[in-house]
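Working notes, structure below.
The values are calculated or read from the model by the stated rules, or taken from the named source; none is laboratory data. Just so you know, these numbers come straight off a predicted model, no measurement behind them. All Cβ positions, glycine included, derive from the backbone under ideal geometry; neighbour counts span all protein chains shown.
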């Protein structure tokens, strides 16, 4: 009798640990990974100096931009270089967006019809800058593997939820196993074709955070085209004056 | 008078051959005119139908400012009341409400600017032919709010096929706030008109109203009348009835002034054709009557000699023209009815012109109208009598001696 | 011998001849005028519509028409100009530069289509200056002036002398933006286009978009609508090596073409009916003339004329009359059509199509307005003369002489 009881508890214990090992834990890991990605570049506030290099089959340019953000609602960007664009600024509050053009001294509100257009000729759209893009809320995820997997990397497959205004069939995320910092994101259409790829490189420490300082966005279906963003300086969770996110500030400088 | 008519009738049958030939010729010409008229009307109907039935409708109601500004805030005033009223209208066969807004559609591969039309599928089917133009998928059979029907060109540009995701972005009415939603391609249509196939997308009207934040409101009500002629009738009470309270009701002619122009041009052609017919008739009748005159010169001379007054001879000749006319008309009407009637059933096949996709009736059905069978014959009769006046006068004015001498 | 007899017979029966000739002649003239006038009106509409809107022929780089791109430019405009100048059938041409951008006047903004035009050439080719409804044209080719479509003016709440700003992307990737003064408002008749059209002088546009010396399109008008297809082919040959595509209006304005084609089909049916009516008229008179003389033919047979000769005689008479009427018909018809082609018939109420007003319907002088009626009269008289004469030729003379 005693023997049976011990075997039974052993058995129950085994089942229990098996359960823990397979089902839930993996999902939580995926969620954890995604959460980290979402919050990587976000904070209650931020201020950064970055370089955007745009390469197209017809031309190449590098812009130097100073950017401020507050939460997910407000963003302000000012172009410092090159000379032709110096002083141009973009303000985003909620769903609305304005551009300032120093040459003509004009503030133009971007109509929704132009929101899907590219921001300043890059591969990022106005929409990209505006949308409250969260992987966490908009997708379902599962851990997965890929061909030619790197050692020390983890892979997550994100499938958009049904009613979310997202065009992708699914997104693959690759992160470092130890600190969950992103290695790349690949965006696929519903037929499984790779449409867009974002590479994360050169991890640097900015204040308390370690983040990839270089993001390379490569549209796979257009030849010879990509946009590279390099963070030169960045400060997170600092106090920012509210005046920054105002139409008046667009004209200042 | 009756004597003259009897005489005239008998006279024309004296030379059967000539009478038969002349009346047949004129009759054929009349039949041609009848056929042509019906054909042109059928052609016009075809033109209008092609242009309006694919999407436009015979008439549309909008808020007055909407057409020029295209602002989504300008929705129709009292739409429900209007639609209720339309239901009672005897001349209206069907009507359908729509929302119209310009926005962007994006897919994984590409993006495009589009006209977003919110439709009520059941009502829409009764008025336009979009459902017929759907080549893949269906026209909202499934009733899912995320259904979207796009054109074939657009599907190519966006590189999407049935079931795939697209995102629509538009500005809400009034506030201009961004509204974005995901849809799945549930149908792909092909009209054969590039602007439509690449620029128009259809979604459920309720969904559109939600996105635009104009619940219960619409931008356009498209109407199909029981018969095309109501749409072409500018004097209809319908127009003023629905053009008040800030709204306007417009016919296809006002919505498509270009088409109306072509329409009018064909009207001119019709008049010219009738004119042509008249000329043929002149040569047919005058010819015949003169010939009959000269052959019977002696006879007419005798008639005059025994006391018939010049006016009497003239009356006789006029009656003969009339008699010939009546005979020709009979022939013409008979032939015309048969030929036109035949084509009304079989139609005339155009060499397959593709216009607005599946919609164009490649077959033109002539349209017979009662007025054709009344006005044209009466006109012909009057005309023939008029033309017959000339030989009649000549006959009357001839001196008796000349007449008797001129006999062959 | 037969011809002499035929001529004599004709002049013997003046009345009969006159009536027969008259009906043939009348039919000829009617048909000539109708066809010339119908063709003229249709072609007039097509010509005006294409000429004043997009030109008869357009040249682009590769597949610019289907998939437009800022970078698909025509780079060697001057050598194309040389080719165009040397072609005698070409009336005029105009270069254009296109892009899209965001325009703003005060607080309102809207998407717009940027169109860079060469004022002088554009006026010559599409009568652009005639479509300006307010303000005036550009003062020079590099001025900071714009002309906007009337729909766009309404959307922006803008008018002449207002300042307008545009943002777009230049060909070198930089952000193109500048401020201009609205000097004119244009109404091209195309409402949809006018809601977004933003015209700049060509050089200003080239500067804005950093596309110096380049254009996207050359629109060409031919002297005569009938020359369009041959000229298109000629240009395609001359430009075969370059990566340029030459397209005629039938290709780039295909929905208009389809609509016109449908109309043309209707026209064919009308012409057919006209022809039918004319033949019937001719049948009528010729038949009567011939039948009247059956007795005569009987006599001829009785005195020994061979059947073949009788047929020949009849046909000779009919044909002589036909030829004469046709000739006269052509002359008179030509005069009528000439008058109609220069003055036309003014409609009581003009109609508009594609933004153009049509008040006068003109005829045109073309081959088919003459050969179709001529053929009709000839054939109908021939056929209708043939049967009774055949009959007369082979009937017993006694019977013929008794014919009435």
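Structure summary
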| read-out | value |
| --- | --- |
| Pair list, Cβ under 6 Å, 6 or more apart: region A:64-84 residue within 14 Å of chain C (Cβ to nearest Cβ), other residue in a loop (DSSP other than H, G, I, E, B) | A:79/A:88; A:84/C:174 |
| Any helices (runs of 4 or more DSSP H) falling wholly within region C:217-310 and containing at least 2 residues that are without any contact (Cβ under 8 Å) to a residue 12 or more places away in the chain and touching a strand residue (DSSP E or B) at 6+ places or on another chain (Cβ under 9 Å) | C:228-238, C:254-292 |
| Hits in region C:302-325 - residues which are over 20 Å from residue C:396 (Cα atoms) and crowded, with 23+ Cβ neighbours inside 10 Å | C:317, C:318, C:321, C:322, C:325 |
| When residues of region A:85-108 are limited to those that are surrounded by 17 or more Cβ atoms within 10 Å (Cβ to Cβ) and over 12 Å from residue A:251 (Cα atoms), the one farthest from the other protein chains (Cβ to nearest Cβ) | A:92 |
| Condition met for residue C:277 (within 22 Å of the chain's Cα centre (by Cα) and either at the interface with chain B (Cβ under 7 Å from one of its Cβ atoms) or at pLDDT 75 or above (or both)) | no |
| One residue from A:78, A:42 being modelled with pLDDT under 90 and at negative phi | A:42 |
| Positions within region C:106-131 being free of Cβ contacts under 8 Å to residues at least 60 places away in the same chain and closer than 20 Å to residue B:102 by Cβ, in sequence order | C:107, C:108, C:109 |
| Residue in region B:151-169 that is touching a residue at least 60 places away in the same chain (Cβ under 8 Å) and under 14 Å from residue B:204 (Cα atoms) present | yes |
| Residue within region C:5-12 that is at pLDDT 75 or above, crowded, with 19+ Cβ neighbours inside 10 Å and within 12 Å of chain B (Cβ to nearest Cβ) present | no |
| Region B:371-401, residues that are modelled with pLDDT under 75, in contact with a helix residue (DSSP H, G or I) (Cβ under 8 Å, 6 or more places away or on another chain) and under 15 Å from residue B:329 (Cα atoms) | B:372 |
| Selection count, region B:36-82, where residues are assigned to a helix (DSSP H, G or I) and either within 20 Å of residue B:232 (Cβ to Cβ) or within 15 Å of the chain's Cα centre (by Cα) (or both) | 21 |
| Count of region B:71-99 residues which are within 14 Å of chain A (Cβ to nearest Cβ) and modelled with pLDDT of 90 or more | 0 |
| Residue satisfying condition, being over 28 Å from residue C:67 (Cα atoms) and touching a strand residue (DSSP E or B) at 6+ places or on another chain (Cβ under 9 Å), within set B:125, B:129 | B:125 |
| Residue satisfying all of: in region B:267-313; modelled with pLDDT of 75 or more and assigned to a loop (DSSP other than H, G, I, E, B); farthest from the other protein chains (Cβ to nearest Cβ) among these | B:307 |
| Options A:232, A:247, A:194; residue that is touching a residue at least 60 places away in the same chain (Cβ under 8 Å) and within 12 Å of another protein chain (Cβ to nearest Cβ) | A:247 |
| Spans of strands (runs of 3 or more DSSP E) in region C:90-176 with at least 2 residues within 30 Å of the chain's Cα centre (by Cα) and either within 13 Å of chain A (Cβ to nearest Cβ) or within 30 Å of residue B:113 (Cα to Cα) (or both) | C:90-105, C:108-117, C:132-135 |
| Residue match in region C:187-208 (condition: more than 38 Å from the chain's Cα centre (by Cα) and either at the interface with another protein chain (Cβ under 9 Å from one of its Cβ atoms) or buried (at least 21 other Cβ atoms within 10 Å of the Cβ) (or both)) | yes |
| Of all residues making up region C:317-338, the number that are free of Cβ contacts under 8 Å to residues at least 12 places away in the same chain and closer than 14 Å to residue C:33 by Cβ | 2 |
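Let's see how each residue does on (1) touching a residue at least 60 places away in the same chain (Cβ under 8 Å); (2) under 30 Å from residue B:267 (Cα atoms):
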position	(1), (2)
B:4	yes, no
B:8	yes, no
B:13	no, no
B:24	yes, yes
B:33	yes, yes
B:37	yes, yes
B:42	yes, yes
